[in-house]
Each structure stands twice: as structure tokens, then as C-alpha cells.
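The structure under discussion appears below in the form of C-alpha cells.
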Amino acid sequence: MGNINFRKTTFLKAAAKISQCPAQDLPEIVLCGRSNVGKSSLVNALADNSKLARTSSSPGKTRQVIYFEVDKSLLIADLPGYGYAKVSREKNTEFSALCDDYFTSGRKITLALVLLDIRREPSDKDIMMLEYLNSADIPYFIVFTKCDKMSRSQCLTRQRQLAQEFDFAQDAQIYAVSADKKLGITDLADGIAAFVNGLA
Ligand SMILES: Nc1nc2c(ncn2[C@@H]2O[C@H](COP(=O)(O)OP(=O)(O)OP(=O)(O)O)[C@@H](O)[C@H]2O)c(=O)[nH]1
Ligand SMILES: [Mg+2]
């Protein structure tokens with residue numbers, strides 16, 4: 001497999017339940033992280049297409065698993081965010097359950113991207129997600145988002161601090177991005193492509 005052109009990303013389908021998820025004939029990259037962290041914005045930044053995934057300043061925008069196909073080479077699954085308090089408790093549980101179930105559904109997850117807002121302390125849910133990925137041996141990258149909100153040096157300090165504080169897997173690659181300012185996006189795309197190609 002050669003280069004993966006992220007500009008060739010198209011919407012594939014939306015799934016409200018695990019049973020509606022598409023067949024897995026391509027490696028699957030799963031985006032996870034709390035609501036509003038910037039998962040859908042990251043899809044758009046990778047694809048260089050602001051109209052692809054719906055984003056919103058009010059959390060809880062993505063309520064299904066949204067699948068994108070990238071250059072006939074991989075699938076991206078944009079999961080509903082966890083920990084969104086403003087929808088009803090029932091709804092919140094429903095979306096969170098979709099996210100939780102996803103990981104225990106038996107789907108093969110090639111790589112998870114765990115998005116963490118560079119400015120915020122990881123939540124209990126973030127920590128649970130990391131612990132789960134560690135224990136299930138699912139490979140993941142840490143992606144710090146919204147890095148345009150800090151200076152480069154503050155961003156580096158913060159990254160180091162968080163990497164020390166939290167138990168990221170040894171082989172977890174760490175990226176810092178801004179979807180808004182398109183910082184670190186090419187590096188991340190290259191990292192994903194290298195990871196996927198390394199599997200072949
Ligand atoms: N400054 C800044 N804002 C960002 C960045 N990425 C996303 N945002 C903003 O953060 C808000 C949430 O972005 P989304 O991409 O919709 O977040 P999400 O993680 O998909 O949220 P849910 O679908 O609710 O789980 C939007 O207002 C975005 O414009 C970034 O790199 N920098
Ligand atoms: Mg979203």
C-alpha cells in the first residue's frame with residue numbers, strides 16, 4: 001500500500017446501533033474523546049474539507065457513529081462524545097453506551113485516536129478509556145486538540161506534564177494538533193498512514 005490521500009475522504013454511513021455498522025474490509029481508525037473535544041473537526045481537518053463532518057460549539061453534536069472512507073484504504077469512525085451533561089440523562093447514557101459498546105462489540109479496531117483538550121485535565125471517562133485501551137491492548141495515539149489556544153512552548157510543557165501524569169501506553173504516539181489553524185494535521189495523517197501501512 002502506498003500513500004493515503006486524506007483529501008479523498010467521503011462520508012460512508014451513520015450508524016445508530018452497532019448492528020448498523022458497516023462491514024470491516026478496511027482497517028478502522030476510531031476517534032474517541034469527550035464531547036466537544038474536536039473529533040469531528042479533526043476529521044474535517046484531515047480531509048481538508050470543512051463540510052464533511054458536522055461540528056458544533058454546543059457539545060453533543062455527533063449522536064451516531066459516523067463512518068468515513070479514506071482513499072479506499074481505511075475507515076474512520078467518528079464516535080459520539082462521552083460525558084455531555086446537557087442532554088437528558090437518558091440520552092447521555094444512550095450515546096455513552098454506544099461509545100462503550102463499540103469497544104466491546106467485537107469490531108476490530110486497528111487504531112484508536114484518543115483526543116484530549118490540551119487545556120483541560122483528562123476526565124474520569126478519559127482515564128477509563130485509556131485504562132480500557134491499555135488493558136485490551138488496542139493500539140492508540142494520543143491527540144491533544146485545540147493547540148492554537150496556547151503558545152507552542154506552553155503546549156509542549158503541557159504535553160510533557162500530561163504524559164507524566166497519565167499512564168499512556170509505551171508505544172502510544174503523541175500528537176498535538178489544531179484543526180482550526182491546521183497545525184500538526186499532516187504529521188498526524190502521516191502517522192496514521194505509517195501505522196496502517198505497517199500492518200500490511
Ligand atoms: N480553537 C479551536 N477550536 C476547535 C478546534 N477543534 C474544534 N474546535 C471547536 O470545538 C467545538 C467542538 O468541535 P467538534 O469537532 O464538533 O467536537 P466533537 O468532539 O465532534 O463533539 P461531539 O460531536 O459533541 O462529541 C467547535 O466549536 C469547534 O469549532 C481547534 O483545533 N481549535
Ligand atoms: Mg462530533
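Numbers below:
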| item | result |
| --- | --- |
| Considering only the stretch 9-199, percent of DSSP beta bridges that pair antiparallel, nearest 5 | 40 percent |
| The stretch 22-39 - phi-based ³J(HN,Hα) in whole Hz, Karplus 6.51/-1.76/1.60, Gly and Pro as x | x, 4, 9, 9, 10, x, 10, 9, 10, 8, 9, x, 5, 4, 6, 6, x, 5 |
| Charged-residue dipole, Cβ positions (Lys, Arg, Asp, Glu), the chain about Cα centre, Debye nearest 20 | 840 debye |
| Extent along principal axes [Cα atoms of the stretch 149-197; Å; largest to smallest] | 32, 29, 12 |
| Amide hydrogen neighbours beyond the local backbone of Thr9, cut-off 5 Å, H modeled | Asp71 |
| Note, ³J(HN,Hα) from phi for the stretch 44-50, Karplus 6.51, -1.76, 1.60, rounded to Hz, x at Gly and Pro | 5, 5, 4, 7, 6, 8, 6 |
| Theoretical ellipticity at 222 nm over the chain - DSSP helices of four or more residues, -39500 (n - 2.57) apiece, nearest 500 | -10500 deg cm²/dmol |
| Phi-based couplings in Hz for the stretch 104-110 (Karplus 6.51, -1.76, 1.60; Gly and Pro marked x) | 10, 7, x, 5, 7, 9, 6 |
| Distance histogram for the stretch 9-199 (every C-alpha pair counted, 5 angstrom bins, percent rounded to whole numbers) | 1, 8, 17, 22, 23, 17, 9, 2, 0 |
| Filter on Lys17/Lys182; Lys51/Lys108; Lys8/Lys39; Lys17/Lys149 - keep pairs with C-alpha separation over 24 Å | Lys17/Lys182; Lys51/Lys108; Lys17/Lys149 |
| For Tyr67, net neighbour charge (Lys/Arg +1, Asp/Glu -1) across residues whose Cβ lies under 11 Å away | -2 |
| Accessible surface of the chain [probe 1.4 Å, protein heavy atoms]: carbon and sulfur percent | 47 percent |
| Peptides ranked, highest mean first, by Cβ atoms within 10 Å: ranges 11-24, 125-138 | 125-138, 11-24 |
| Candidates Gly81, Gly184, Gly38: whichever shows maximal mean-square fluctuation once the chain is modelled as a Gaussian network with Cα springs under 10 Å | Gly184 |
| Long-range amide H partners of Ala53 with built H, under 5 Å | Asn44 |
| Amide proton proximity set for Gln64, modelled H, under 5 Å, gap of 5+ | none |
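The values are calculated or read from the model by the stated rules, or taken from the named source; none is laboratory data. This one's a predicted model, so the numbers in the text were calculated from it and none came from an experiment. As a convention, Cβ positions derive from the backbone with ideal geometry for all residues, glycine included, and neighbour counts pool all protein chains shown. Quick note on the areas: whole protein, heavy atoms, side chains included, nothing else; ligands and nucleic acids left out. Shrake-Rupley method; radii C 1.70, N 1.55, O 1.52, S 1.80 Å.
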